[in-house]
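Notes to accompany the following structure.
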Amino acid sequence: MTELPVVDTSSPPAEATLAARSHPDLILGEHGLCPGCGEPVALRLLLEVLQDLDVVSRAIGVVGHGCYGSFVQIMDVDVLQCLHGRAPSCATGIKRVRPGSVVFTLQGDGDMVNEGLQEVLHTAARGENVTCVLLNNGVFGDTGGQQTATTVLGQRTKTSLQGRDASTHGYPIAIADLVAALSGVAYVARGAVSTPAAVMHTKKLLRSAFEHQLAGEGFSLVEILTMCPTGWFVPAGDGPGYLEQSMEAEYPLGELALRSRS
Amino acid sequence: MEHQVIVSGIGGQGIQLLCKSLALAATRQGRYAMLAADYGGEMRGGPSQASVVIGDQPLRSLPILPSAGAAILMHHRFGAFAVERLRPDGLLVLNSSIVQPDAANYPGRVISVPVTALAQELGAIQAAGFVMLGAYTQITGIVSAEAIELAMRELLPPYRQQHAETNARAIGLGVRTARELAEVAS
Amino acid sequence: MAELQLLDGCTAATEAAIAAGCRFFAGYPMSPFTGLLESMSRRLPQAGGICINAESEIEGVNMALGAAAAGARAATGSCGQGIALMQEAIAEMALNETPVVVFNMARNQQDYFQCTRGGGWGDYRTITLAPKDVPELVEHTQRLFWLAERYRAPVILYGDPILAQTQVGVRIEPRDYGPLPSRDWILDGSGGGTGKSRQVWTWAMGKVTNPGPGPDGQWRAIAEKFDAVAQAEQQSESYLVDEAEIVIVAFGTAALFVTHVVDELRSEGIRAGVFRPITLWPFPGPALREATRNARMVLVYELNAGQMLDDVRQWAYDRDAIRFIGGVSIHTSGLTYGPLLDARVIRQRVLDAGAETGVTT
């Protein structure tokens, strides 16, 4: 009989510890979100883009309410944590009085498309030079998994237990399309963090958005489809696949055509 | 003693501009003034009333005067308030083109000036308020006619500047008319 | 000495705010606040500032919050109906310690509770100044910008249609109310990447590498801060209260009218006086107690169903001496005071109340 080596499970292997502890400079510590959550990936991309553009020391973030709200404790940039939905208004005030700053919002779909629908549309129409980042997982994750304005038809949530049904729950809102239809908008794009290729692509989209801000061309929005296996009631590993099947059909990836450019 | 005057008329008679000119004239002379306006929603025909207070110290008069030392009636329709608040030893100046002297029912000193008719003679009926203002400054001496004219010019919006000369003539006509009335009376 | 300018309350507030360093304003039109938004829109850009006609009151107050968090002297406003929409944000500013001046150019005196009790969440208070005339409104506006920064909190100016629309000769001069705390908390981006980046958050948990007090520590500290403010910032005016048999308590424009009536009554031999809270919060309770120590009657005159009345009941020397002579009184337009705001009416109410104890016949 072959002797099998005994694996020491008293602590994580060195490589895993190294991976967990190494993080970009701008991330100060581990996040506390669920295994398989896409939001920390999006955060990392955002901060890397700020570093790549060398604007970290003039970046000011406005973070809404959701699971990602805890990021205000681990992101090494100046941040305002604001009221649910109101981030684009706060961002407006910040950018108008500090036009040399690089201002972004970080909001979930419940924050931006439910509570804050008018804020994001008005801020876009005013052409404010800020970049709004939407983490769209189609569910209110932080409060336990209720339906939001971006929940896709058929998606089961705690307030649409049989799956979202148009006749009962109405239709999801594609906020990126609404924003793209407004004058004053410089850039709208949709990415995902479900595959390595998608992650790399999303980083490029974020970079483009901030470049438009730096050029003073108006409002930019990057919607990032993120996995929420907990809110979707799927195993962590199934998150990416589920995202592709359920959300990407409703929210196609890529840069959106803009009314302001047509 | 603060100079208090309530001015009453109807929308379209230039009541607000008249009162603002008076208040501004005093302010430009470094005196304390208050202008409290009270007008209905309609632009023409509804009530238009304001009170002006002028003094040499920070004012103590109320923005809704319980009583006043003077009143100007450009029209009788909504004038009851102004007349009722006029003190017995006060002065009532009437636009006799429209308001009958006994229609005002005031037992004290009344001076009638036909400002609408005078303004019509100038070919500018809308300047009746400035005829009245000219007469009022002559009667009371509260501010000079020159100060009124300067305030009038300052207040005219750019799209009404063409009325400045007419308004200035109206002020002068009011001053002269009041002087003649006083000479006749004495 | 600055020259006299004939300004209504809205324009005067604008000039006073600019003199006090205000460089950001955002609001939504609603009578009688609209004049303030319009004059800010005209004048702030001339002074190098920004004025935004926000698409809603909620957006306006949150824009002001952002601007203030980024270090600008910022303000917003509305009338009580619009301030109602801003309640959440006002609480937020109190609890994340953002200084903003909120102008309530109200339609009447029915917003006393809104200003002094607040409709937001949590343990917070809002310093509220209630000027009696336009010159005082100028002074209060400038002081409020200082108070907001001194205490890192939202503060309120309680105006009304009379103040908003009456034009009065005023002088606007810069005023210095004293030293202000450090502004090392403002968000300007410079903290990014240093390990010491900044955070403005009601929960104040800080960064994992630099923890903050957390909600318990933060909200207890803020409650203690407002206790200290309550002790330090009470303001009131007592007029002829020594040996007054009747003390009338009134605030704002109402107090102006009451003072006129008191002067009249005094000239007729009736010993009346006025106690005027200048800060609605912190309510000058101890001063009221002293002012009413010898009064046989304490008459409360306010244009509402009895709101300041609660505070008078708490502090008057003799609760049994209190009579309410105010009331709800609204103009047919709904937008301003009704017939109760009149010196003759007030005089009669004082005489009628005084007849009960024989102070007046």
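Each reported figure results from applying straightforward, stated rules to the coordinates on display, with no laboratory input. Small disclaimer: the values here were computed from a predicted structure and weren't measured. Every residue, glycine among them, receives a Cβ derived from its backbone with ideal geometry; neighbour counts consider all protein chains shown.
Nearest 10 degrees, 0 to 90: what angle lies between the long axis of helix A:87-97 and the longest principal axis of chain A (Cα atoms)?
Rounded to the nearest ten degrees, it is 60.
Place a +1 charge on the Cβ of each Lys and Arg in chain B and a -1 charge on the Cβ of each Asp and Glu, then give the dipole magnitude about the Cα centre in debye, rounded to the nearest 20.
In debye, rounded to 20, chain B gives about 200.
If the only charges are +1 at each Lys and Arg Cβ and -1 at each Asp and Glu Cβ, what is the size of the charge dipole of region C:236-357 around the Cα centre, to the nearest 20 debye?
Using Cβ point charges on Lys, Arg, Asp and Glu, region C:236-357 gives about 120 debye.
Quick one: if the Förster radius is 30 Å, what FRET efficiency do A:ASP177 and C:GLN87 give, using the C-beta to C-beta distance and rounding to 0.05?
Computed FRET efficiency for A:ASP177 and C:GLN87: 0.35.
A 31 angstrom limit on the alpha carbon distance is what I want to check against. Which of A:LYS95/C:LYS132; A:LYS95/B:LYS20; A:LYS95/A:LYS204; A:LYS203/C:LYS196 exceed it? The partial results should precede the final answer.
Numbers: A:LYS95/C:LYS132 37 Å; A:LYS95/B:LYS20 41 Å; A:LYS95/A:LYS204 23 Å; A:LYS203/C:LYS196 26 Å.
Exceeds cut-off: A:LYS95/C:LYS132; A:LYS95/B:LYS20.
For the protein assembly as shown, what proportion of DSSP beta bridges, expressed in % and rounded to the nearest 5, is antiparallel?
Details: 36 of 111 bridges.
Of all bridge pairs located within the protein assembly as shown, approximately 30 percent are antiparallel.
Shape call for region A:39-82 from the C-alpha gyration tensor, a ≥ b ≥ c root eigenvalues: rounded (a/c under 1.5), prolate (a/b greater than b/c) or oblate? Mind showing how you got there, number by number?
Values: a/c = 2.51, a/b = 1.39, b/c = 1.80.
Cα axes put region A:39-82 in the oblate bin.
In peptide C:204-210, what is the residue-averaged number of other protein chain Cβ atoms found within 10 Å of each Cβ?
What the average comes to for C:204-210 is 5.
Once phi is turned into θ = phi - 60°, what whole-Hz ³J(HN,Hα) does the Karplus curve with 6.51, -1.76 and 1.60 give for every residue of region A:123-131, x standing for Gly and Pro?
Result, rounded to whole Hz: 5, 5, 5, 6, x, 4, 7, 10, 10.
Of the DSSP beta bridges with both residues in region B:3-185, give the percent that are antiparallel, rounding to the nearest 5.
That works out to approximately 55 percent antiparallel.
If you rank A:GLU39, A:GLU248 by fewest surrounding Cβ atoms within 10 Å, what's the result?
On the way: A:GLU39 25, A:GLU248 16.
Least crowded to most crowded, the residues run A:GLU248, A:GLU39.
With a/c under 1.5 counting as rounded, go ahead and sort region C:310-361 into rounded, prolate or oblate using the C-alpha gyration tensor (a ≥ b ≥ c being the square roots of the eigenvalues; past the cut-off, prolate if a/b is larger than b/c, else oblate).
oblate
Tell me, what is the FRET efficiency for C:GLN314 and B:GLU165 to the nearest 0.05, using R0 = 56 angstrom and their Cβ-Cβ distance as r?
Calculated value: 0.30.
Exposure proxy check: A:ILE74, B:ILE6 ranked by fewest other beta carbons within 10 Å?
Values: A:ILE74 20, B:ILE6 29.
The order, fewest Cβ neighbours first, is A:ILE74, B:ILE6.
What residue among C:ALA232, C:ALA223, C:ALA12 shows peak mean-square fluctuation when chain C is described by a Gaussian network model with Cα springs under 10 Å?
Top of the fluctuation ranking is C:ALA232.
Who wins for biggest fluctuation among B:VAL131, B:VAL53, B:VAL99 in a Gaussian network model of chain B, springs between alpha carbons below 10 Å?
Greatest mean-square fluctuation among the candidates belongs to B:VAL99.
With runs of 4+ DSSP H residues as the only contributors, calculate the mean residue ellipticity of the protein assembly as shown at 222 nm using -39,500 (n - 2.57) per run, divided by the residue total and rounded to the nearest 500.
Mean residue ellipticity, 222 nm, calculated: -11000 deg cm²/dmol.
Give me a comma-separated list of calculated 3J(HN,Hα) values for region C:70-78, in order, Karplus coefficients 6.51, -1.76, 1.60 applied at θ = phi - 60°, integers in Hz, x for any Gly or Pro.
Values per residue, Gly and Pro as x: 8, x, 8, 7, 10, 8, 8, x, 4 Hz.
Suppose every K and R has +1 on its Cβ and every D and E has -1 on its Cβ; what is the size of the dipole of chain A about the Cα centre, in Debye to the nearest 20? Let's see the in-between values first.
Numbers: 17 positive and 27 negative charges, 167 e Å.
Dipole of chain A, to the nearest 20 debye: 800 debye.
As a test, work out the antiparallel percent of DSSP beta bridges whose residues both lie in region A:38-261, rounded to the nearest 5.
Given both bridge residues lie in region A:38-261, the antiparallel proportion sits at roughly 15 percent.
For C:ASP8, list long-range residues whose amide hydrogen, built 1.01 Å from N in the peptide plane, is under 5 Å from its own amide hydrogen.
Amide H neighbours of C:ASP8, under 5 Å, 5+ apart: C:VAL168.
Which whole-Hz couplings ³J(HN,Hα) result when phi for each residue of region C:181-191 is put into the Karplus expression 6.51 cos²θ - 1.76 cosθ + 1.60, θ = phi - 60°, listed in order with x for Gly and Pro?
Calculated HN-Hα couplings, in order: x, 4, 9, 6, 9, 5, 8, 10, x, 5, x Hz.
What are the residues whose amide H is under 5 Å from the amide H of A:LEU80, where those residues sit 5 or more places off or on another chain and H is modelled from the backbone?
Those lying under 5 Å, H to H, from A:LEU80 are A:GLY61, A:VAL62, A:VAL63, C:VAL200.
For C:VAL100, what residues show an amide H to amide H distance below 5 Å, using hydrogens built from the backbone and excluding near sequence neighbours?
C:ALA153, C:VAL155
Pop a pseudo-label 7 angstrom from the Cα along the beta-carbon direction at both C:ALA305 and C:GLU290 and give the gap in nm to one decimal.
Between C:ALA305 and C:GLU290, the label points sit 3.5 nm apart.
Using only the Cα atoms of region B:3-185, build the gyration tensor, take square roots of its eigenvalues as a ≥ b ≥ c, and label the shape rounded, prolate or oblate: rounded if a/c is under 1.5, else prolate if a/b is larger than b/c, else oblate.
Rounded, since a/c falls under 1.5.
Choose one of C:TRP315, B:LEU92, C:PRO284: the residue whose Cα lies farthest towards the positive end of the charge dipole of the protein assembly as shown (beta-carbon charges +1 Lys, Arg; -1 Asp, Glu; about the Cα centre).
It is B:LEU92.
Quick test of the membrane-span-like rule: which DSSP H helices of chain C reach at least 24 Å along their long axis (C-alpha atoms) with mean Kyte hydropathy at least 0.0? Walk me through the numbers on the way to the answer.
Working: long enough: C:134-151 (25 Å, -0.35); C:214-232 (27 Å, -0.46).
Counting only whole DSSP H runs, no helix qualifies.
Using a Förster radius of 60 Å, what is the FRET efficiency between C:SER333 and A:ALA257 based on their Cβ-Cβ separation? Nearest 0.05, please.
Plugging the Cβ-Cβ distance into 1/(1 + (r/R0)^6) gives 0.75.
Report, ordered by chain and residue number, the aspartates and glutamates lying within cross-link reach of A:LYS158, taken as a straight Cα distance under 20 Å and ignoring same-chain residues fewer than 8 apart.
A:ASP109, A:ASP111, A:GLU115, A:ASP142, A:ASP238
Considering the dipole of region A:38-261 built from charges on the beta carbon (Lys and Arg +1, Asp and Glu -1) around the Cα centre, which of A:ALA215, A:HIS169, A:VAL62 is farthest to its positive end?
A:ALA215
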